[in-house]
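Scroll down for the structure; my scribbles are underneath it.
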Amino acid sequence: MSKWEKEGWEATSQLQGKLHTEITIRRPRPKTPWPLIAIGSGILAALIIAIVVNGIIREQSSAAPPETAADSTSESAPTPGSTPSEEPSPAESARPADVAITPDGNAELAAVLNLGDYCDVSIAAFAEKYRGQTIAFDGHIGVMNSHDGASTRYDILIGAGDFSETSALGPSFQFRDVNTTSDLHYTGETPATIGVGTNLRVTAEVDQYESGSCLFLLKPVETVFR
């Protein structure tokens, strides 16, 4: 019994016989360390609470503070004595500028005026893009015919640059069905007569391009003799 007790066993009963003794032994169940378990549980609970609180604080700090009505009012209200800026309406912004487009300031117009083919497809694209806008360029009268046999109405073909009998550049601009006295809106000195070969400074509104005849129709705004 002493041997087994030293190894952790305990005797539960002893039966003494004539030839031998029967001893019943068992290993006792270890005692549960309740104080240590309680301390460990408390530490674990404290860690869980700390993690949850830390997560809530981070979530609140990352969220942007809501804008209050007072803040909105103070930011939008003009300061005393200041004049609110006026934004142009969409209609005003879309309105074409009054300044005429010139080849010096517009590369597309410059390219069109230097074309060698008056039926080039780029002319139709230019006419469509700038329809209703005003262009200004140096030109000349290349052809001048009576309009449908009228004695005071003319179809005037305008070429780009100075008049030349050997070469012609740019589109075949045309003033159609115009009176040379009232419709060309002369500015400056006016000669007694005009005709083929007269050099002009043309300011006109883009009307349309006729693909069949390759005529680029313009509406005269101002004509200056050069």
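Brief remarks follow.
- The single condition from (1) in contact (Cβ under 8 Å) with a residue 40 or more places away in the chain; (2) under 47 Å from the mean Cα position of the chain (by Cα) that SER164 fails is (1).
- Residues that are surrounded by fewer than 17 Cβ atoms within 10 Å (Cβ to Cβ) and under 44 Å from the mean Cα position of the chain (by Cα) within segment 169-198 comprise LEU169, ARG176, ASP177, ASP183, HIS185, THR187, listed in sequence order.
- Scanning segment 193-221 for residues that are free of Cβ contacts under 8 Å to residues at least 60 places away in the same chain and farther than 17 Å from SER172 by Cβ returns THR193, ILE194, GLY195.
- Residue satisfying condition, being of a type outside the set (Phe, Trp, Tyr), assigned to a loop (DSSP other than H, G, I, E, B) and in contact with a helix residue (DSSP H, G or I) (Cβ under 6 Å, 6 or more places away or on another chain), within set GLY170, GLY195: GLY170
- In segment 119-153, the residues that are assigned to a loop (DSSP other than H, G, I, E, B) and either surrounded by fewer than 18 Cβ atoms within 10 Å (Cβ to Cβ) or at pLDDT below 95 (or both): CYS119, ASP120, ARG131, GLY132, GLN133, HIS147, ASP148, GLY149, ALA150, SER151, THR152, ARG153
- Residue count for segment 154-168, restricted to those that are farther than 16 Å from VAL224 by Cβ, hydrophobic (A, V, I, L, M, F, W, C) and open to solvent by 60 Å² or more (accessible area, probe 1.4 Å): 1
The values are calculated or read from the model by the stated rules, or taken from the named source; none is laboratory data. If you're wondering where the values come from, they're calculated on a predicted model, not measured in any experiment. FYI the Cβ positions are ideal-geometry reconstructions off the backbone, even for glycines, and counts take in every protein chain you see. Accessible surface areas use protein heavy atoms only, side chains included; no ligands, DNA or RNA. Shrake-Rupley method; radii C 1.70, N 1.55, O 1.52, S 1.80 Å.
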